[in-house]
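The values are calculated or read from the model by the stated rules, or taken from the named source; none is laboratory data. Note that the structure is a prediction, hence the values are computed from the model and not measured. Quick reminder, even Gly has a Cβ in these numbers, built from the backbone with ideal geometry, and neighbours come from all protein chains shown.
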Amino acid sequence: MTQPSQKALVPFVSVANMMALVNATGIEPMLRDLAGYIEADFKRWPEFDKTPRVASHSSDGVIELMPTADADNYGFKYVNGHPKNMKEGYQTVTAFGVLSSVANGYPILLTEMTVLTALRTAATSALVGKYLAPKGARVMAMIGNGAQCEFQAMAFKAICGIDTVRLYDVDSKATEKAVRNLTDSGLTVIACKSGEDAIEGAQIITTCTADKQYATILTDNMIGTGVHINAIGGDCPGKTELHRDILLRSDIFVEYPPQTRIEGEIQQLDPDHPVTELWQVMRGEAQGRSDPRQITLFDSVGFAIEDFSALRFVHNRIQNTAFFDQLDMLADPDDPRDLFGMVRRAA
(Lines give C-alpha, C1' and ligand atoms only; values in the text may rest on other atoms or scores of the structure.)
Protein backbone atom coordinates (compact mmCIF):
# COMPACT_ATOMS: atom_id res chain seq x y z
CA MET A 1 0.00 0.00 0.00
CA THR A 2 1.27 3.48 -0.87
CA GLN A 3 2.58 5.33 2.15
CA PRO A 4 0.99 8.72 2.94
CA SER A 5 2.91 11.79 1.88
CA GLN A 6 4.20 14.37 4.31
CA LYS A 7 1.31 16.64 3.34
CA ALA A 8 -1.12 14.00 4.59
CA LEU A 9 0.41 13.77 8.07
CA VAL A 10 -0.65 15.79 11.12
CA PRO A 11 1.21 15.68 14.45
CA PHE A 12 -0.99 14.10 17.12
CA VAL A 13 -0.35 14.34 20.87
CA SER A 14 -2.09 11.51 22.70
CA VAL A 15 -2.91 11.47 26.40
CA ALA A 16 0.12 9.23 26.94
CA ASN A 17 2.41 11.65 25.12
CA MET A 18 0.93 14.67 26.91
CA MET A 19 1.64 13.03 30.26
CA ALA A 20 5.14 12.15 29.10
CA LEU A 21 5.72 15.76 28.03
CA VAL A 22 4.53 17.06 31.42
CA ASN A 23 6.72 14.63 33.34
CA ALA A 24 9.76 15.25 31.16
CA THR A 25 9.36 19.03 31.54
CA GLY A 26 8.31 19.04 35.21
CA ILE A 27 4.90 20.22 36.36
CA GLU A 28 6.04 23.60 37.70
CA PRO A 29 8.20 24.58 34.70
CA MET A 30 5.39 23.40 32.42
CA LEU A 31 2.86 25.62 34.18
CA ARG A 32 5.21 28.62 34.21
CA ASP A 33 6.06 28.26 30.53
CA LEU A 34 2.41 27.79 29.57
CA ALA A 35 1.46 30.87 31.59
CA GLY A 36 4.09 32.79 29.62
CA TYR A 37 2.38 31.89 26.35
CA ILE A 38 -1.03 32.86 27.74
CA GLU A 39 0.29 36.19 29.02
CA ALA A 40 1.92 36.95 25.67
CA ASP A 41 -1.35 36.31 23.83
CA PHE A 42 -3.40 38.36 26.31
CA LYS A 43 -1.02 41.25 25.68
CA ARG A 44 -1.87 41.08 21.94
CA TRP A 45 -5.59 40.56 22.55
CA PRO A 46 -6.80 42.97 19.81
CA GLU A 47 -5.11 40.79 17.16
CA PHE A 48 -7.55 37.89 17.69
CA ASP A 49 -10.94 37.06 16.26
CA LYS A 50 -13.16 36.69 19.32
CA THR A 51 -16.55 35.12 19.83
CA PRO A 52 -18.32 33.50 22.78
CA ARG A 53 -18.07 29.74 22.69
CA VAL A 54 -20.72 27.79 20.82
CA ALA A 55 -22.54 25.73 23.46
CA SER A 56 -25.07 22.92 23.17
CA HIS A 57 -26.80 22.49 26.54
CA SER A 58 -28.80 19.47 27.66
CA SER A 59 -30.24 18.27 30.93
CA ASP A 60 -27.09 16.17 31.40
CA GLY A 61 -24.46 18.79 30.66
CA VAL A 62 -22.96 20.87 27.89
CA ILE A 63 -20.83 20.33 24.77
CA GLU A 64 -18.92 23.36 23.50
CA LEU A 65 -16.73 24.52 20.65
CA MET A 66 -14.23 27.29 21.42
CA PRO A 67 -12.71 28.91 18.30
CA THR A 68 -10.34 31.83 17.76
CA ALA A 69 -7.71 32.92 15.27
CA ASP A 70 -4.92 35.41 14.71
CA ALA A 71 -3.31 36.32 11.38
CA ASP A 72 -1.31 33.08 11.24
CA ASN A 73 -3.22 30.33 12.97
CA TYR A 74 -6.75 29.15 13.72
CA GLY A 75 -7.48 27.06 16.79
CA PHE A 76 -10.47 25.43 18.37
CA LYS A 77 -11.24 23.20 21.31
CA TYR A 78 -14.05 20.69 21.68
CA VAL A 79 -14.94 20.34 25.38
CA ASN A 80 -17.78 18.93 27.42
CA GLY A 81 -18.97 19.45 30.99
CA HIS A 82 -21.15 16.69 32.47
CA PRO A 83 -21.27 16.81 36.29
CA LYS A 84 -23.03 13.43 36.53
CA ASN A 85 -20.20 11.65 34.73
CA MET A 86 -18.11 10.99 37.82
CA LYS A 87 -20.81 8.76 39.32
CA GLU A 88 -20.79 6.71 36.11
CA GLY A 89 -17.01 6.33 35.89
CA TYR A 90 -16.43 9.05 33.30
CA GLN A 91 -14.52 12.33 33.46
CA THR A 92 -16.64 15.43 34.09
CA VAL A 93 -14.62 17.33 31.47
CA THR A 94 -12.92 15.95 28.36
CA ALA A 95 -11.46 17.84 25.44
CA PHE A 96 -9.41 17.78 22.28
CA GLY A 97 -8.14 20.59 20.07
CA VAL A 98 -6.80 21.51 16.65
CA LEU A 99 -4.37 24.21 15.52
CA SER A 100 -4.37 25.05 11.81
CA SER A 101 -2.54 27.29 9.38
CA VAL A 102 -4.61 30.27 8.27
CA ALA A 103 -2.62 30.38 5.02
CA ASN A 104 -3.85 27.04 3.67
CA GLY A 105 -6.33 25.71 6.23
CA TYR A 106 -4.27 22.61 6.93
CA PRO A 107 -4.16 21.37 10.54
CA ILE A 108 -0.68 21.52 12.05
CA LEU A 109 -1.58 19.92 15.39
CA LEU A 110 -4.24 17.60 16.80
CA THR A 111 -4.00 17.04 20.53
CA GLU A 112 -5.79 15.72 23.56
CA MET A 113 -6.89 18.62 25.74
CA THR A 114 -8.32 16.97 28.84
CA VAL A 115 -4.96 17.15 30.60
CA LEU A 116 -4.00 20.28 28.68
CA THR A 117 -7.18 22.12 29.70
CA ALA A 118 -6.45 21.41 33.35
CA LEU A 119 -2.95 22.80 32.83
CA ARG A 120 -4.07 25.91 30.95
CA THR A 121 -6.88 26.65 33.43
CA ALA A 122 -4.46 26.44 36.33
CA ALA A 123 -1.83 28.47 34.51
CA THR A 124 -4.40 31.17 33.69
CA SER A 125 -5.66 31.29 37.28
CA ALA A 126 -2.18 31.74 38.69
CA LEU A 127 -1.19 34.22 35.99
CA VAL A 128 -4.19 36.36 36.96
CA GLY A 129 -3.24 35.87 40.61
CA LYS A 130 0.16 37.37 39.82
CA TYR A 131 -1.63 40.60 38.92
CA LEU A 132 -4.45 40.58 41.49
CA ALA A 133 -3.50 38.58 44.59
CA PRO A 134 -2.41 40.45 47.73
CA LYS A 135 1.30 41.11 47.89
CA GLY A 136 3.09 38.34 49.73
CA ALA A 137 0.11 35.95 49.66
CA ARG A 138 1.22 32.54 50.88
CA VAL A 139 -1.99 30.65 51.78
CA MET A 140 -4.67 29.49 49.34
CA ALA A 141 -8.00 27.88 50.19
CA MET A 142 -9.10 25.32 47.61
CA ILE A 143 -12.82 24.58 47.85
CA GLY A 144 -13.69 21.75 45.49
CA ASN A 145 -11.00 19.07 45.34
CA GLY A 146 -11.83 17.36 42.06
CA ALA A 147 -9.74 16.89 38.92
CA GLN A 148 -8.59 20.53 38.73
CA CYS A 149 -7.51 20.87 42.38
CA GLU A 150 -3.87 19.80 42.32
CA PHE A 151 -3.15 21.65 39.09
CA GLN A 152 -4.42 24.86 40.68
CA ALA A 153 -2.33 24.32 43.80
CA MET A 154 0.85 23.66 41.83
CA ALA A 155 0.26 26.63 39.51
CA PHE A 156 -0.17 29.06 42.40
CA LYS A 157 2.96 27.64 43.99
CA ALA A 158 4.99 27.91 40.78
CA ILE A 159 3.75 31.34 39.65
CA CYS A 160 2.53 33.18 42.78
CA GLY A 161 4.69 31.59 45.45
CA ILE A 162 2.06 30.17 47.78
CA ASP A 163 3.41 27.68 50.31
CA THR A 164 0.21 26.43 51.97
CA VAL A 165 -3.05 25.07 50.56
CA ARG A 166 -6.14 24.46 52.68
CA LEU A 167 -8.46 21.89 51.12
CA TYR A 168 -12.19 21.28 51.46
CA ASP A 169 -14.72 19.25 49.50
CA VAL A 170 -18.17 17.99 50.41
CA ASP A 171 -16.78 14.58 49.43
CA SER A 172 -14.03 13.79 51.94
CA LYS A 173 -12.60 11.18 49.55
CA ALA A 174 -11.82 13.94 47.06
CA THR A 175 -9.88 15.81 49.73
CA GLU A 176 -8.04 12.62 50.73
CA LYS A 177 -7.08 12.14 47.09
CA ALA A 178 -5.76 15.70 46.83
CA VAL A 179 -3.78 15.41 50.08
CA ARG A 180 -2.21 12.20 48.80
CA ASN A 181 -1.28 13.71 45.43
CA LEU A 182 0.21 16.86 46.97
CA THR A 183 2.20 15.11 49.71
CA ASP A 184 5.57 15.57 47.96
CA SER A 185 4.71 18.88 46.27
CA GLY A 186 6.62 21.16 48.64
CA LEU A 187 3.34 22.66 49.82
CA THR A 188 1.98 22.51 53.34
CA VAL A 189 -1.33 20.71 52.77
CA ILE A 190 -4.17 21.00 55.29
CA ALA A 191 -7.42 19.04 55.01
CA CYS A 192 -10.36 21.04 56.37
CA LYS A 193 -13.80 20.09 57.65
CA SER A 194 -15.75 22.98 56.11
CA GLY A 195 -15.51 25.85 53.69
CA GLU A 196 -15.32 28.26 56.63
CA ASP A 197 -12.40 26.30 58.03
CA ALA A 198 -10.63 26.25 54.67
CA ILE A 199 -10.65 30.02 54.18
CA GLU A 200 -9.23 30.70 57.67
CA GLY A 201 -6.05 32.73 57.11
CA ALA A 202 -6.18 32.39 53.31
CA GLN A 203 -5.30 35.39 51.13
CA ILE A 204 -6.37 33.56 47.96
CA ILE A 205 -9.65 31.63 47.76
CA THR A 206 -10.21 29.28 44.82
CA THR A 207 -13.62 27.74 44.21
CA CYS A 208 -13.91 24.86 41.76
CA THR A 209 -17.10 22.85 42.09
CA ALA A 210 -18.92 20.97 39.36
CA ASP A 211 -22.65 21.01 40.05
CA LYS A 212 -24.59 22.60 37.19
CA GLN A 213 -26.75 24.83 39.38
CA TYR A 214 -26.93 28.12 41.21
CA ALA A 215 -24.90 27.34 44.33
CA THR A 216 -23.57 29.32 47.27
CA ILE A 217 -20.13 27.91 47.93
CA LEU A 218 -19.07 31.23 49.45
CA THR A 219 -21.52 33.30 51.50
CA ASP A 220 -21.05 37.00 52.01
CA ASN A 221 -20.05 36.70 55.66
CA MET A 222 -17.21 34.31 54.75
CA ILE A 223 -15.32 36.96 52.78
CA GLY A 224 -13.34 39.63 54.56
CA THR A 225 -11.31 42.43 53.05
CA GLY A 226 -7.98 42.06 51.30
CA VAL A 227 -8.50 38.70 49.59
CA HIS A 228 -8.37 37.52 46.00
CA ILE A 229 -11.12 35.14 44.87
CA ASN A 230 -10.35 32.81 41.98
CA ALA A 231 -13.84 31.61 40.98
CA ILE A 232 -13.45 28.95 38.32
CA GLY A 233 -16.40 26.60 38.89
CA GLY A 234 -19.21 28.76 37.53
CA ASP A 235 -18.87 28.55 33.76
CA CYS A 236 -22.26 28.22 32.12
CA PRO A 237 -25.73 29.75 32.36
CA GLY A 238 -27.45 28.76 35.59
CA LYS A 239 -24.20 27.71 37.30
CA THR A 240 -22.61 29.97 39.94
CA GLU A 241 -20.71 29.57 43.22
CA LEU A 242 -20.72 32.95 44.97
CA HIS A 243 -23.42 34.84 46.82
CA ARG A 244 -24.42 37.93 44.87
CA ASP A 245 -23.45 40.27 47.73
CA ILE A 246 -19.81 39.18 47.40
CA LEU A 247 -19.85 40.40 43.80
CA LEU A 248 -21.19 43.78 44.87
CA ARG A 249 -18.25 44.24 47.26
CA SER A 250 -15.60 43.08 44.80
CA ASP A 251 -13.64 44.53 41.93
CA ILE A 252 -14.40 42.04 39.17
CA PHE A 253 -11.96 41.01 36.45
CA VAL A 254 -12.99 38.94 33.43
CA GLU A 255 -11.63 37.42 30.23
CA TYR A 256 -14.25 38.33 27.61
CA PRO A 257 -17.32 40.20 28.90
CA PRO A 258 -19.84 39.02 26.25
CA GLN A 259 -19.16 35.43 27.33
CA THR A 260 -18.70 36.01 31.06
CA ARG A 261 -21.96 37.95 31.42
CA ILE A 262 -23.78 34.86 30.15
CA GLU A 263 -21.77 32.16 31.91
CA GLY A 264 -19.90 33.65 34.87
CA GLU A 265 -20.72 34.79 38.37
CA ILE A 266 -21.76 38.16 36.93
CA GLN A 267 -24.80 36.57 35.28
CA GLN A 268 -26.32 37.40 38.70
CA LEU A 269 -25.75 41.14 38.16
CA ASP A 270 -27.14 43.86 35.91
CA PRO A 271 -25.90 43.59 32.31
CA ASP A 272 -24.01 46.89 32.65
CA HIS A 273 -22.32 46.15 35.98
CA PRO A 274 -18.72 47.39 35.66
CA VAL A 275 -15.96 44.84 35.11
CA THR A 276 -12.32 45.10 34.08
CA GLU A 277 -10.88 43.09 31.19
CA LEU A 278 -7.71 41.23 32.12
CA TRP A 279 -5.91 41.87 28.86
CA GLN A 280 -6.02 45.59 29.63
CA VAL A 281 -4.54 44.98 33.08
CA MET A 282 -1.72 42.91 31.56
CA ARG A 283 -1.01 45.64 29.01
CA GLY A 284 -0.97 48.32 31.71
CA GLU A 285 -4.10 49.99 30.32
CA ALA A 286 -6.25 49.27 33.40
CA GLN A 287 -5.52 48.91 37.08
CA GLY A 288 -5.40 45.59 38.90
CA ARG A 289 -5.10 45.45 42.68
CA SER A 290 -4.78 48.99 43.99
CA ASP A 291 -5.49 48.68 47.73
CA PRO A 292 -4.46 46.07 50.32
CA ARG A 293 -8.06 45.96 51.62
CA GLN A 294 -9.58 45.47 48.18
CA ILE A 295 -11.48 42.29 47.31
CA THR A 296 -10.49 41.21 43.81
CA LEU A 297 -12.50 38.58 41.96
CA PHE A 298 -11.41 36.69 38.86
CA ASP A 299 -14.72 35.58 37.35
CA SER A 300 -13.15 32.81 35.31
CA VAL A 301 -15.11 30.95 32.64
CA GLY A 302 -12.27 30.03 30.28
CA PHE A 303 -11.85 31.68 26.89
CA ALA A 304 -10.70 30.36 23.52
CA ILE A 305 -7.53 32.48 23.42
CA GLU A 306 -6.23 30.55 26.44
CA ASP A 307 -6.72 27.31 24.52
CA PHE A 308 -5.08 28.86 21.46
CA SER A 309 -2.09 29.70 23.66
CA ALA A 310 -1.98 26.13 24.94
CA LEU A 311 -2.14 24.73 21.41
CA ARG A 312 0.61 27.09 20.29
CA PHE A 313 2.71 26.09 23.30
CA VAL A 314 2.36 22.36 22.64
CA HIS A 315 2.99 22.75 18.90
CA ASN A 316 6.26 24.53 19.61
CA ARG A 317 7.27 22.28 22.52
CA ILE A 318 6.97 18.96 20.67
CA GLN A 319 9.27 19.94 17.81
CA ASN A 320 12.22 17.55 17.56
CA THR A 321 10.84 15.33 20.33
CA ALA A 322 9.23 11.91 20.52
CA PHE A 323 6.09 13.25 22.23
CA PHE A 324 3.79 12.94 19.22
CA ASP A 325 2.68 10.58 16.46
CA GLN A 326 2.04 11.34 12.82
CA LEU A 327 -1.57 10.69 11.76
CA ASP A 328 -2.61 10.14 8.15
CA MET A 329 -5.45 12.68 8.30
CA LEU A 330 -5.40 14.65 5.05
CA ALA A 331 -6.05 13.31 1.58
CA ASP A 332 -3.16 14.15 -0.74
CA PRO A 333 -3.81 12.94 -4.31
CA ASP A 334 -1.07 13.36 -6.90
CA ASP A 335 -3.47 15.62 -8.77
CA PRO A 336 -5.44 17.84 -6.33
CA ARG A 337 -8.46 17.51 -8.66
CA ASP A 338 -8.39 13.71 -8.74
CA LEU A 339 -9.65 12.67 -5.30
CA PHE A 340 -11.89 9.99 -6.85
CA GLY A 341 -8.97 8.47 -8.76
CA MET A 342 -6.90 8.33 -5.58
CA VAL A 343 -9.65 6.32 -3.88
CA ARG A 344 -9.98 3.89 -6.80
CA ARG A 345 -6.24 3.30 -7.08
CA ALA A 346 -6.09 2.38 -3.39
CA ALA A 347 -8.31 -0.69 -3.98
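In the list 176, 150, which residue meets the criterion of being over 27 Å from residue 36 (Cα atoms), outside any strand (DSSP E or B) and acidic (Asp, Glu)?
Every option except 176 fails the conditions.
Report the residue count in region 133-176 for those that are surrounded by 23 or more Cβ atoms within 10 Å (Cβ to Cβ), among the hydrophobic types (A, V, I, L, M, F, W, C) and touching a strand residue (DSSP E or B) at 6+ places or on another chain (Cβ under 6 Å).
11
State which residue is surrounded by the fewest Cβ atoms within 10 Å (Cβ to Cβ) when the search covers only region 33-62 and only residues that are among the charged types (D, E, K, R) and either touching a residue at least 40 places away in the same chain (Cβ under 8 Å) or not assigned by TED's automatic domain parsing to the domain that holds residue 81 (or both).
Per the criteria, the residue is 43.
Which residue out of 10, 22, 79 is under 20 Å from residue 329 (Cα atoms) and either among the aliphatic types (A, V, I, L, M) or part of a helix (DSSP H, G or I) (or both)?
Going through 10, 22, 79 in turn, just one is under 20 Å from residue 329 (Cα atoms) and either among the aliphatic types (A, V, I, L, M) or part of a helix (DSSP H, G or I) (or both): 10.
Here are 250, 309: which of them is among the small types (Gly, Ala, Ser), in contact (Cβ under 8 Å) with a residue 40 or more places away in the chain and within 26 Å of residue 19 (Cα to Cα)?
309
How many residues does region 281-320 contain that are of a type in the set (Phe, Trp, Tyr) and part of a helix (DSSP H, G or I)?
Selection size over region 281-320: 2.
Answer yes or no: is there a residue in region 232-251 that is surrounded by 17 or more Cβ atoms within 10 Å (Cβ to Cβ), closer than 17 Å to residue 42 by Cβ and modelled with pLDDT of 95 or more.
No, the conditions are met nowhere in region 232-251.
Given the structure, is residue 159 assigned by TED's automatic domain parsing to the domain that holds residue 227, modelled with pLDDT of 95 or more and part of a strand (DSSP E or B)?
no
Going through 298, 303, 324 one at a time, which residue ends up being modelled with pLDDT of 95 or more, closer than 19 Å to residue 50 by Cα, surrounded by 11 or more Cβ atoms within 10 Å (Cβ to Cβ) and of a type in the set (A, V, I, L, M, F, W, C)?
So the residue among 298, 303, 324 that is modelled with pLDDT of 95 or more, closer than 19 Å to residue 50 by Cα, surrounded by 11 or more Cβ atoms within 10 Å (Cβ to Cβ) and of a type in the set (A, V, I, L, M, F, W, C) is 303.
Per-residue answers, yes or no, for (1) outside any loop (DSSP other than H, G, I, E, B); (2) under 20 Å from residue 121 (Cβ atoms):
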{"site": "224", "(1), (2)": "no, no"}
{"site": "248", "(1), (2)": "yes, no"}
{"site": "262", "(1), (2)": "yes, yes"}
{"site": "266", "(1), (2)": "yes, yes"}
{"site": "274", "(1), (2)": "no, no"}
{"site": "279", "(1), (2)": "yes, yes"}
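State the number of residues belonging to region 179-194 that are part of a loop (DSSP other than H, G, I, E, B) and surrounded by 15 or more Cβ atoms within 10 Å (Cβ to Cβ).
The number of residues fulfilling the criteria is 4.
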